[in-house]
Amino acid sequence: MTFYCGMDLSARACHVCVIDEGLSLLVQQKVRHARSGMLRRSEPFKASLQIVVESTFHWSWLVDGLPEAGDDVCLAHPLGLTMITGAKVKTARRDALALAKLLKAGMIPKAYLYPKDTRPIRDCLRQRSRLVALRAAAYGSLRRLLRRHGRLGHSRHDIKEATSEGP
């Protein structure tokens, strides 16, 4: 028999929900952020357990640790989870159950699981991209302000050469 586990991560804890093929609820519990506690909850079902974790900003410690313990883990992309994000009543308990049901139905939108050694490079590139966009927005805002007051011409490089004395 196959068992399906949905894990909904929050800031301080994780809701773990395990169902079987008949959608019977076997485990539904809030666990503190500790891999050992989560592994203990899933230990009786370990032989045929599939786990799904929603991709949040702090998923990596859990998704990296579960395969090391021999678990089959899937990372769910949050933009494809309209059943969860569009729900009127949203709790971690319900989200974990919904994740487990979606896993059983084979309807989990999978997120790309970056290799552990390339994640720092990805994070640096994302941050650099944000900073470049912020710099461009600041230059554009300042250029529009100075042009409104007649201090700059139409060249985009005029702002870099502007001084306090003016043109």
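Listing for the model above:
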{"item": "Of residues in region 15-37 being assigned to a loop (DSSP other than H, G, I, E, B) and of a type in the set (A, V, I, L, M, F, W, C), the one modelled with the highest pLDDT", "result": "Leu23"}
{"item": "Helices (runs of 4 or more DSSP H) wholly inside region 66-158 that include at least 1 residues being within 19 Å of Met7 (Cβ to Cβ) and out of contact with any Phe, Trp or Tyr (no Cβ under 6 Å at 6 or more places or on another chain)", "result": "82-85, 92-105"}
{"item": "Those residues of region 12-31 which are over 16 Å from Lys90 (Cβ atoms), within 19 Å of the chain's Cα centre (by Cα) and not hydrophobic (A, V, I, L, M, F, W, C), in sequence order", "result": "Arg12"}
{"item": "Search result, residues across region 1-31 that are surrounded by 15 or more Cβ atoms within 10 Å (Cβ to Cβ) and out of contact with any strand residue (DSSP E or B) (no Cβ under 8 Å at 6 or more places or on another chain)", "result": "none"}
{"item": "Residue check, Arg122 at pLDDT 85 or above, within 17 Å of Thr56 (Cβ to Cβ) and surrounded by 11 or more Cβ atoms within 10 Å (Cβ to Cβ)", "result": "yes"}
{"item": "Hits in region 57-71 (condition: more than 24 Å from Arg122 (Cβ to Cβ) and surrounded by fewer than 13 Cβ atoms within 10 Å (Cβ to Cβ))", "result": "Gly70"}
{"item": "Candidate set: region 63-77, residues that are under 12 Å from the mean Cα position of the chain (by Cα) and hydrophobic (A, V, I, L, M, F, W, C); chosen: the one nearest to Ala105 (Cα to Cα)", "result": "Ala76"}
{"item": "Odd one out for Lys46 among (1) under 30 Å from Asp123 (Cβ atoms); (2) modelled with pLDDT under 85", "result": "(1)"}
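A quick yes/no check of all residues on (1) touching a helix residue (DSSP H, G or I) at 6+ places or on another chain (Cβ under 7 Å); (2) not polar (S, T, N, Q):
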{"position": "Val53", "(1), (2)": "yes, yes"}
{"position": "His58", "(1), (2)": "no, yes"}
{"position": "Pro67", "(1), (2)": "no, yes"}
{"position": "Val73", "(1), (2)": "yes, yes"}
{"position": "Thr82", "(1), (2)": "no, no"}
{"position": "Asp117", "(1), (2)": "no, yes"}
{"position": "Leu125", "(1), (2)": "no, yes"}
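The values are calculated or read from the model by the stated rules, or taken from the named source; none is laboratory data. For clarity, every value in this text was computed on a predicted model and none was experimentally measured. In this analysis, Cβ positions are derived from the backbone assuming ideal geometry, glycine residues included, and neighbour counts consider all displayed protein chains.
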